[in-house]
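The values are calculated or read from the model by the stated rules, or taken from the named source; none is laboratory data. Since the structure is predicted, the reported quantities are computational estimates derived from the model, not experimental observations. Heads up, the Cβs are rebuilt from the backbone with ideal geometry, glycines too, and the neighbour counts pull from every protein chain shown. Side chains are part of the model used for accessible areas, which takes the heavy atoms of the whole protein and leaves out ligands, DNA and RNA. Shrake-Rupley method; radii C 1.70, N 1.55, O 1.52, S 1.80 Å.
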Amino acid sequence: MEKTIKYTVKRFDYIKFCLSRILNPRSVLLFFIYIFLIQILLDKNSLDYVAGHLIMAIGITGAAVLILCLINLYNSSRVYSKDKFLRLETTFTFTDEYMEETTEATKFVLNYKDIYKLQLLKTILLVYISPIRAFVIPKSEDYDIKELYAHIKEKRAEER
């Protein structure tokens, strides 16, 4: 099977990708537990005020997540504006052996076994090639990202 898709990453899709790294439930829960434990350890009468500590930890976690989102929103918008490679039209070709990303400036061939991680969000497919680098494939009427996700996952499993 050979399938070729063309797209341009929009600002909203790039910001969504950046925020997905912060807003995963595990990170928020770990941050909440960390704040709650610090409050318990620093308060001598901690068992008397557990409900108060829980409420404070929820408030602090919410405020911290909001601040991190705003900072990330600002930074990702700035990066998108300044990085011309993000805004170039990208062509992906999926074959049985590899996937190839081509832009006006670069050409990148990736074997399916070298994919670090796949993540399917509602409007974007993320193909990670390392813990901090991913290809962002936005949803389109021209192709179905769920089918692409299934194809890549199947090929990745075959090669491992």
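Observations
- Restricting region 1-59 to residues that are more than 30 Å from Ile132 (Cα to Cα) and of a type in the set (D, E, K, R), the residue that is modelled with the highest pLDDT: Asp43
- Region 120-144 residues that are farther than 12 Å from Val9 by Cα and free of Cβ contacts under 8 Å to residues at least 24 places away in the same chain, paired with ones that are among the aliphatic types (A, V, I, L, M) and part of a loop (DSSP other than H, G, I, E, B) (beta carbon under 9 Å, 6 or more apart): Tyr128/Ile115; Ile129/Ile115
- The set of residues in region 51-81 being in contact (Cβ under 8 Å) with a residue 40 or more places away in the chain and under 20 Å from Ile35 (Cα atoms) consists of Val65, Leu68, Cys69.
- Only one of Leu110, Leu121, Leu126 that is touching a strand residue (DSSP E or B) at 6+ places or on another chain (Cβ under 8 Å), open to solvent by less than 70 Å² (accessible area, probe 1.4 Å) and within 17 Å of Phe17 (Cβ to Cβ): Leu126
- Failed criterion for Ile58 (all others in (1) under 22 Å from the mean Cα position of the chain (by Cα); (2) over 30 Å from Val136 (Cα atoms); (3) among the β-branched types (Val, Ile, Thr) hold): (1)
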